[in-house]
1. Considering only protein heavy atoms, what per residue accessible area in square angstrom results for the chain with a 1.4 angstrom probe?
2. Using only the Cα atoms, work out Rg/Rh for region 437-552, with Rh taken as the Kirkwood radius, to two decimals.
3. Each label point is 7 Å from the Cα along the Cα-to-Cβ direction; what then is the distance between the points at LEU334 and GLN536, in nm?
4. Which sequence of GLU146, GLU482, GLU115 reflects their accessible areas, 1.4 Å probe, from the largest down?
5. How far, in nm, would the chain grow between VAL506 and GLN50 when pulled straight, counting 0.36 nm per residue and subtracting the alpha carbon separation?
6. In the chain, with Lys and Arg counted as +1 and Asp and Glu as -1 at Cβ, which of these residues, VAL219, LEU513, ALA468, has the Cα nearest the positive end of the dipole, that is, farthest along it?
7. When N counts the residues of region 132-207, how does its alpha-carbon radius of gyration compare numerically with 2.2 N^0.38 Å, as a ratio?
8. Based on the alpha-carbon gyration tensor of the chain, what equivalent-ellipsoid semi-axes (square roots of 5 times the eigenvalues) come out, in whole Å, largest first?
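The values are calculated or read from the model by the stated rules, or taken from the named source; none is laboratory data. Since we're looking at a predicted model, the values are computed, not measured. Cβ placement follows ideal geometry from the backbone for every residue including glycine, while neighbour counts extend to all protein chains displayed. Note: areas computed on protein heavy atoms with side chains; ligands, DNA, RNA excluded. Shrake-Rupley method; radii C 1.70, N 1.55, O 1.52, S 1.80 Å.
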Amino acid sequence: MIWRDVHTRDVPSHTLTETDDMLASIVAARGVLSDEQRNISLAALAPVSQLGGLPQAVALLQQHHDGRIMIVGDFDADGATSTALMLRGLAALGFAHVDFIVPNRFDFGYGLSPEIVDVAIAESPTLIVTVDNGISSNAGVARAREQGIDVLITDHHLPPKTLPDANVIVNPNCVDDDYPSKHLAGVGVAFCVLVALARHIAPDDPAATRMPASLLDLVALGTVADVVPLDRNNRILVDAGLQRIRAGRCVPGIAALLDVGGRDRTRVVATDFGFAVGPRLNAAGRLQDMSVGIRCLTTDDPVLARQLAEQLDAINRERRTVEADMQADALKLLETLDDAALSEQPQYCVCLYEPDWHQGVVGLVASRIKERLHRPVFAFAREREGATMLKGSGRSIPGVHLRDVLAEVARREPGIIVRFGGHAMAAGLTLAEDALPMFSACVDAVVKAVCPQALLTPAILVDGTLDAQHLDIRFAQTLRDEGPWGQEFVEPSFTGTFDVVSARVVGEHHLKLSVSYEGAVIDGIAFNQIEPDIPQQGARIELVYRLDVNEWRGKQSAQLMILQWRYPDV
C-alpha cells in the first residue's frame, strides 16, 4: 500500500457540554461548536419558507391540479429519487395525471433538451416539472414555452449567467435566494416544494402536511448518493430518512436494494447508501435506462420491488466489469503521464480518452484516477460509436472548483466547449473530438493558475490517536450514532502504532488483522490490498483506520477499518 502523509485535523475551541472530550474534538473539527449545533432533529431544519420561488411554484402547481403534469428527471440516483418523490408526493396530494420521463443519456443527454420536450409533447402535458436538472436548459425551456407548456424548474446545480425563461425557478443557488443551506441535493429541493404545496393545499389536515416527511427515506438516499456536502441541514434530512428506514417505514424499493446489497435495514447508515444502494441505482442510468430505478422506487409491491432491485444488481455487476476494463486502459495511458505528474513541472489536470470507452462510466474512471493522482481528472468517451463529439466527466480535489474551471476555459477559448455544467467536485461537458488537445492544454493551465502545487500532494487528515479505553464497542457505536457522516462531514479516522497478534489474507486481496494496543486486542481489516505484505506475529505496524461496528452471527464487536498501514521505520 502506498503511504500517504498523515496530518491531524485542527480543532477549534468548542463549548460542547454533553459529549466526552474525544467526540467533542471530532465534531468541533467539523464545525460543530455547541450542543445546539449538534442537534439534528427534524425540528431544527431550516424553514422551508425561506427557499426562494416556493409561493410561485405552489401557485403554478395548483393551477395545473387538474391538468397533465410531466416530471422530467435525471439519470442518476439524485434524479431517480427526486422523480420518485415528486410522483409519490403529487399523487398523495390528489394530482391525478402525473407521469415522468427520464432522458436516456445516450439518446438525449442531460437535462430538459428540446428533443426530450418533443418526446413529452406526445403526452400532451400542460406543465413540465424538472427535478435535479433544468437550470441550464435554456433551449429546452424555450421549446416547451413555444408549445404553450408551462415549466417549473427545481434544481440545485449552479446557474448560468442567463437563466432559462421558465415560469418559476426553485434553486437555492440562484444569486437572489436567501435559503441558508446552499447544498441541498435535487431531491432536497423537490422535498421543499412538496412541503410548501402540502401546507398550502391542506393547512388544517395534519396527515396531509406530514405527508412529505413520509418520503424522507428517498431524500436521504438521493442526498448521500449525490455526494453533496452534509451541512447541518442535509444531515437533518439524512438522519430523519435513516430513522424511517431503520423503523421499517421506507418504500419497498429502498428495502429491496438494501437487501440485495447485503445491508441490514434495521442498522442502515449513510455509507450503505454510498456503497450499496446508490451504485446499484446509478448503474441503470450509466448503462441502460434509469426508468428501471424509478419504477423500483415508485412501486408499492414488495415482490416487484425485489425483482427490479435484482435487475439493478445485475446491471451493476455489468457496470463493474466495464469499469474494470476501462480502468486498465486508463492505467496504461497514465504510464506516459507519470513522469510529468511527479516532476517539478507537474501536470495539474489530467485528461484521458479512448475511442471505445463507455460514456456512462467515464465519471467513475475519472474518480478512480483522481484518487490515484490526487489532482483533477477528466475522462472522455464518444457520444456514440463513430461520433465526432465527446462526452466528458470530471472529478476534482478540495480547493479546485471544477465548474468554475470549465467556465474559465470557456472564457479563454470561446466555442471550445459545446456545453458544460456541474459542481465544485464534479462536472460534465461536451466538446468535439478534435478540440480535445486544445481543451487539455487550456484546462491544465487554468487549474495550475488556481491550484497551489501543495494541493497535489495527497494527505490523510486524522482525528488524532485513540487510547485503549476508546477501542471498544461502546465508542464505536457512539461514533456510528453521531452520524450521518459523509461529504464535508467525514467519518472520523485515527492513527496509532499496534502490535500484530495475527494476520492472514481473506478473499482474494483483503488483509485481516488482529492487533493489540495497551493491552486491548481488536480485529481489523484492510480491503483491496494488491499483493499484500503479511506482517508477522509480534511485528509493530502503524495504522490509519476508522473505528466501526462489526456484526457477526448476532454478536457486535469493535473493528478497525484500516485505510493504510506501514512498518514504523519506513
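1. Here the per-residue accessible area is 43 Å².
2. Value, to two decimals: 1.11.
3. About 3.3 nm separates the two model spin labels.
4. Largest accessible area first, the list is GLU146, GLU115, GLU482.
5. 158.9 nm
6. VAL219
7. 1.21
8. Equivalent-ellipsoid dimensions as semi-axes: 39, 30, 22 Å.
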